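Worksheet: one structure, shown below.
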Amino acid sequence: MRRLSDFANRVLGHLLFGLGLTMAAIVSAQVFARYLLNNSIFWSEELSRFLLIWLTFLGAPYAYRLGAHASIDLLRGRLPSWGRRAAALASHLVTLVFSGVMIYFGTGFAWFVRDQISPALHLPKWVPHGIIPVSGLILALHAAAFLIEELKRGEDG
């Protein structure tokens, strides 16, 4: 499970880099066109917004896997080893439940907007919003890998 989680995060890192670079290029082109050429790229704002949605929802599981989310270590550092382990197990279980909520309600929302079309790009709205359950699946994979690791660590002593 750990290898699958690591592989997914490596792919996710490359995807996030590409999405961020694309978004920066589109916004830069829009600024250039609007202020220097006095002409707007009509679809750039909508595509940038969709890319930001994807960056946000894919960045969360990526950061979770790297342990890069903000956390408060003051209390955890003062706990005995069994308390730190219990806190880690609880944290990963809560993340697993939250990812299930993302999958369930994200799928429902993507289904709800499936017939709506974006005005500039003429994309079905499920395309940008379908990232919510996908992100939930990746987050669940990472949480399950962390949970299994923590449980194995407890068996080892």
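The values are calculated or read from the model by the stated rules, or taken from the named source; none is laboratory data. Worth saying up front: this structure is predicted, and the values here are computed from it rather than measured. Cβ coordinates were reconstructed from backbone atoms using ideal geometry, including for glycine residues, and neighbour counts include every protein chain displayed.
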Filter the helices (runs of 4 or more DSSP H) completely within region 1-112 down to those with at least 3 residues that are over 24 Å from ALA143 (Cβ atoms) and free of Cβ contacts under 8 Å to residues at least 24 places away in the same chain.
2-35
Taking the options LEU79, LEU74, LEU37, name whichever one is of a type in the set (A, V, I, L, M, F, W, C) and surrounded by 11 or more Cβ atoms within 10 Å (Cβ to Cβ).
LEU79
Working only within region 34-57, note down all residues that are among the basic types (Lys, Arg) and under 17 Å from the mean Cα position of the chain (by Cα).
ARG49
Condition first: surrounded by 13 or more Cβ atoms within 10 Å (Cβ to Cβ), of a type in the set (S, T, N, Q) and under 22 Å from LEU47 (Cβ atoms). Now tell me which residues in region 102-125 satisfy that.
SER118
Can you tell me which of (1) surrounded by 15 or more Cβ atoms within 10 Å (Cβ to Cβ); (2) more than 18 Å from the chain's Cα centre (by Cα); (3) within 29 Å of ILE41 (Cα to Cα) is the one GLU150 doesn't meet?
(3)
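To keep it simple, each residue is scored yes or no on (1) among the β-branched types (Val, Ile, Thr); (2) touching a helix residue (DSSP H, G or I) at 6+ places or on another chain (Cβ under 7 Å); (3) at pLDDT 95 or above.
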{"site": "ILE117", "(1), (2), (3)": "yes, no, yes"}
{"site": "ILE132", "(1), (2), (3)": "yes, yes, yes"}
{"site": "GLY136", "(1), (2), (3)": "no, yes, yes"}
{"site": "LEU141", "(1), (2), (3)": "no, yes, yes"}
{"site": "LEU151", "(1), (2), (3)": "no, no, no"}
{"site": "GLY154", "(1), (2), (3)": "no, yes, no"}
{"site": "GLY157", "(1), (2), (3)": "no, no, no"}
Of all residues in region 80-97, which are out of contact with any Lys or Arg (no Cβ under 9 Å at 6 or more places or on another chain) and either among the aromatic types (Phe, Trp, Tyr) or farther than 21 Å from ALA63 by Cβ (or both)?
PRO80, SER81, TRP82, ALA86
If I ask for residues that are free of Cβ contacts under 8 Å to residues at least 40 places away in the same chain and of a type in the set (Asp, Glu), which ones from region 113-157 would you list?
ASP115, GLU155, ASP156
I want to confirm something. Restricting to region 1-12 and keeping residues that are out of contact with any Lys or Arg (no Cβ under 7 Å at 6 or more places or on another chain) and surrounded by 15 or more Cβ atoms within 10 Å (Cβ to Cβ), which single residue is nearest to ALA68 (Cα to Cα)?
LEU12
Have a look at HIS129, HIS92 and point out the one that is surrounded by 12 or more Cβ atoms within 10 Å (Cβ to Cβ), within 13 Å of the chain's Cα centre (by Cα) and more than 18 Å from LEU12 (Cβ to Cβ).
HIS129
ALA86 farther than 26 Å from LEU16 by Cα and either polar (S, T, N, Q) or within 21 Å of the chain's Cα centre (by Cα) (or both)
no
